[in-house]
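Here the structure comes first, spelled out in structure tokens, and everything after it is commentary.
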Number of protein chains: 4
Amino acid sequence: MKRAIKRVLTIETRRNDLILGTLRSIEKYGYQNSTVQTICEESGVSRGLIGHYFESKDDLLMAAFQHLNAELDKEARLAVRAAGPDPFRRLIAAGLITFAQERRYSQVTLHFWSTALSNPKLLEHHRNLWARFRASTERLMTRAAAERNMEIDIRHSALMFTQLIDGLWLGWTLEKSYDLETCRMLVRDWICKLFNEDPANYPTTMPVREEGSPHVQG
Amino acid sequence: MKRAIKRVLTIETRRNDLILGTLRSIEKYGYQNSTVQTICEESGVSRGLIGHYFESKDDLLMAAFQHLNAELDKEARLAVRAAGPDPFRRLIAAGLITFAQERRYSQVTLHFWSTALSNPKLLEHHRNLWARFRASTERLMTRAAAERNMEIDIRHSALMFTQLIDGLWLGWTLEKSYDLETCRMLVRDWICKLFNEDPANYPTTMPVREEGSPHVQG
Amino acid sequence: MKRAIKRVLTIETRRNDLILGTLRSIEKYGYQNSTVQTICEESGVSRGLIGHYFESKDDLLMAAFQHLNAELDKEARLAVRAAGPDPFRRLIAAGLITFAQERRYSQVTLHFWSTALSNPKLLEHHRNLWARFRASTERLMTRAAAERNMEIDIRHSALMFTQLIDGLWLGWTLEKSYDLETCRMLVRDWICKLFNEDPANYPTTMPVREEGSPHVQG
Amino acid sequence: MKRAIKRVLTIETRRNDLILGTLRSIEKYGYQNSTVQTICEESGVSRGLIGHYFESKDDLLMAAFQHLNAELDKEARLAVRAAGPDPFRRLIAAGLITFAQERRYSQVTLHFWSTALSNPKLLEHHRNLWARFRASTERLMTRAAAERNMEIDIRHSALMFTQLIDGLWLGWTLEKSYDLETCRMLVRDWICKLFNEDPANYPTTMPVREEGSPHVQG
DNA sequence: TATGAATGAGCATTCATTCAT
DNA sequence: GATGAATGAATGCTCATTCAT
């Protein structure tokens, strides 16, 4: 293998190691207690290495957040695609994927959101992501309504949908007083009711991910 | 007034000054950028004073979080009581109060939640509070359903209710892409639909708080 | 004493402690080996104190350099004034003061000069100082020449004067292969020759500084 | 060519590359900002190579200083030799060569001097060099005086000569407030006056160096 | 009681050096 | 011989906490 290619591979590997170590560290010790020390320990590298692959600790944190979001986004896209062409089924898939399983790094997102409040760059990133998800939801709802000749307040319905998901996810992350199956059921029932569909026809179990299509690894 | 009582009053005053200064500092500079320095500046006291009234900065932060929650809780109770004896109206009031106005310290809560993830004491506190709110919601729903001879899945409905509120609040805090009136409307409409009531009969405007019953001051 | 005044005194005292500690550290360990650690040790304070009185280590170094220059400048002014009104005697005094005695912090200046090469602010400071000294020399030479009805190339003579002094000082600092008396003699003889004066009439010994008019202390 | 000889050549080439890169780096970035990184970049080699040819960064810096001095020394010798057999002309040549042209690495010398203050080996090296130059000056002055039947204070005159040169060089390096032609003129005039010679007979222009005898290359 | 000067542990970052390839 | 990835000691800086006044 050519040296240049090999180097690029090493760089990507190391960057990934550090990103995953960062996520592990935040999950394990919390955002505020995650130091270069803990991150490098979790990454299995020495303290000085961060400087080789990231401009600063902040840069690494940002990269970790983007990585996490990208993985979750990719996973969501896959789930939606796997649901087939029907916009209603796609909506349900989009609603359930967040609660598909005990997710790694679930707490990390909350830490990042808190940080985003005083970090314009992070906030911008988050807002773009959520705006996209809401827009995608609106498109699916529009099509599902059209197929049923229904008139639906798309904007408000999409808002309900996304914020119900976020609210359920938030409560589950903080409280663990209800389980993921309940979340899935509530989301499915709400969306079914919106479109006058029978929930019984739409299972809350997610299609099992086949081996080799991981989401966030590490 | 006896000296002992006077001292207790001073102590309470000082603690309150510091707590409000803490909330102001977090709102102004963010959680991570709030130092003993910024907190004491906002409180109008000298840096060394924290040690007299709190065990540590963490202790003060904890107290500030509890204070904030207590105020919000009190405010909610007042709003519910002001709604009169009808359980359904009380439910609506409970649902709308969170979005009553541009709330001070709205970001602080998110910061504290993030912190709670790695602070068992804080987390416990939060869980108790939310459990109580959900229990209260369940009681109101039970009564409202009984009055209407309706059968409702109380537990799941209460969960929907609380998490919809949290989700709307979370999105509003992070994104500001929709306004509080929208939040109030969505919550009212959902609860009205649950009990087959006409939203038109239940305005989303909150009763004006009379002078002298402020919530979080400072 | 009023508290405010007291505080200002403390601040000045501490700043001075740190400045003198800095000079001592540089003299003792060299510029490159002077760390916050060594400076604070020499100053007799803890490592964190620098942050209270100076913006950064660089800021302290700058202040130390300015302090040193100010002291040397003050000392030179006093020596010149003590020489009386005769411009020629004032010239000689200005020429000899640099070599008046084994000066503390003699090496520090060289360190700072080296640093100035890549520090525009420091360089600017140095250039202003030297320009002023050269201008003052030119004025004295102009008057001394006028009194003697002599025509002298003032600009070049002033340049010779200042650079001869610098050259002798530099060699003495680096080599110690000749003594200060030799420096004084060479400078005096050169200036006497320039104005056709008999060196024998102008001793190279400096008037003894009376107690209480120290230069760089510490 | 035998392999051993070839290797020695490679070693010398590499060492020279690194030495010149060091000088370039110091000139470009300053002494304090010259890291192994910048030096190797300037040298066109990889970071790890220093370890193969020098014991340490300090060792390389030392070698660079010695190299620079050796080049300057060689250049001075050539200039003196080119001035012919007349000791007076040789003196003038020795005095002018320092200001012959905008010299590369002019700032480097000052950096090294500052370093020498806390580096005995460097200091020793410098002292030997300067002692030799002073001794050579004394020999030339002795011969020039003898030819003219003059009595001159050789030691002090040589001291004036060397330190005047150093002082002019120092001021020029730090201030750039006068030019090299002025330096040459002042040195020439001083030495002419010492020996009662007419400066008009001794141009300050240096004989042009023929191609192929550069001094510090790189 | 209240102050703010002082402390020093903890932090991110830099960088000369090492060493597997 | 040459590379550059990896190391970790050292540095400047921040800041919660202490304590003399």
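Given springs between every Cα pair under 10 Å in a Gaussian network model of chain D, which of D:LEU140, D:LEU91, D:LEU174 has the largest fluctuation? Looking only at D:LEU140, D:LEU91, D:LEU174, the largest GNM fluctuation is found for D:LEU174. Between C:ALA64, C:TYR29, C:PRO199, whose Cα lies farthest towards the positive end of the dipole of chain C when Lys and Arg beta carbons carry +1 and Asp and Glu beta carbons carry -1, centred on the Cα centre? Checking the options against the dipole of chain C, the answer is C:ALA64.
Express the carbon and sulfur contribution to the solvent-accessible surface of the protein assembly as shown as a percent, rounded to the nearest whole number, probe 1.4 angstrom. Before the final figure, lay out the partial values.
On the way: 21410 of 42830 Å².
Roughly 50 percent of what the probe reaches on the protein assembly as shown is carbon or sulfur.
Taking every alpha-carbon pair in the stretch C:64-218 and binning the separations at 10 Å intervals from zero gives 10, 39, 37, 13, 1 percent.
Excluding ligands, DNA and RNA, the accessible surface per residue across the stretch B:1-54 is 62 Å² with a 1.4 Å probe.
Quick one: angle between helix D:180-194 and the longest Cα principal axis of chain D, in degrees between 0 and 90, rounded to 10, please. Between helix and principal axis, roughly 40 degrees.
The contact residues of the stretch A:13-32, meaning those that lose at least 30 Å² of 1.4 Å-probe accessible area when all protein chains sit together rather than their chain alone, are A:GLN32. For the rotational copy pair D/C, the chain D residue whose Cβ lies nearest the symmetry axis, together with its distance in Å, is D:GLY167, 1.
Report the FRET efficiency, 1/(1 + (r/R0)^6), for D:ASP153 and D:LYS74, where r is their Cβ-Cβ distance and R0 is 30 Å, rounded to 0.05. Present the calculation step by step, with values, prior to reporting the outcome.
Values: r = 30 Å, r/R0 = 1.01.
That pair, D:ASP153 with D:LYS74, gives E of 0.50.
Of the residues B:ASN201, B:ASN128, B:ASN69, which exhibits the maximal mean-square fluctuation in a Gaussian network model of chain B defined by a 10 Å Cα contact cut-off? With Cα springs under 10 Å in chain B, the top fluctuation among B:ASN201, B:ASN128, B:ASN69 is at B:ASN201. One Cα centroid belongs to the stretch B:145-190, the other to the stretch A:13-41; the line between them spans 36 Å.
Length gain on complete extension for the stretch A:SER46 to A:ILE11, per 0.36 nm per residue less the alpha carbon to alpha carbon distance?
That pair, A:SER46 and A:ILE11, stretches by 11.1 nm at full extension.
Between this copy and the others, label points of B:ARG7 are 2.8, 7.2, 8.6 nm apart in ascending order, each placed 7 angstrom from Cα in the Cβ direction.
Seen from every direction in turn and averaged, the convex hull around the alpha carbons of the stretch B:30-111 projects onto 6.5 nm². For the peptides C:77-84, C:188-195, the ranking by mean Cβ contacts within 10 Å, running from highest to lowest, is C:188-195, C:77-84.
Taking the longest Cα principal axis of chain D as reference, the axis of helix D:106-116 is set at about 80 degrees. In straight-distance terms, cross-link reach from C:LYS193 covers every one of the lysines whose alpha-carbon lies under 21 Å from its own, apart from those fewer than eight places away in the same chain; here that gives D:LYS193.
For chain A, modelled as a GNM whose springs connect Cα atoms under 10 angstrom apart, the maximal fluctuation among A:GLY30, A:GLY167, A:GLY51 occurs at A:GLY51.
Each other copy places its own label point for C:ASP59 at 2.7, 3.2, 4.2 nm from this one, sorted shortest first, where the point lies 7 Å along the Cα-to-beta carbon line. Put +1 on the Cβ of each Lys and Arg and -1 on the Cβ of each Asp and Glu in chain A; which of A:TYR105, A:LEU174, A:VAL187 then has its Cα farthest toward the positive end of the dipole? Highest projection toward the positive end goes to A:TYR105.
Roughly how many debye, to the nearest 20, is the charge dipole of the protein assembly as shown about its Cα centre, given +1 on each Lys and Arg Cβ, -1 on each Asp and Glu Cβ, and no other charges?
Details: 120 positive and 108 negative charges, 146 e Å.
For this selection, approximately 700 debye.
Accessible surface buried by the C/D pair amounts to about 3500 Å², both sides summed, 1.4 Å probe. What's the longest piece of chain D with no exposed GluC sites (Glu not before Pro), counting a site as exposed if DSSP puts it in a loop and it has at most 12 other beta carbons within 10 Å? That gives D:152-209 as the longest site-free run.
The values are calculated or read from the model by the stated rules, or taken from the named source; none is laboratory data. All values reported here derive from a predicted model rather than from experimental measurement. So basically every Cβ, Gly included, is an ideal-geometry build from the backbone, and we count neighbours across all protein chains shown. With ligands, DNA and RNA removed, areas are computed over all heavy atoms of the protein, side chains included. Shrake-Rupley method; radii C 1.70, N 1.55, O 1.52, S 1.80 Å.
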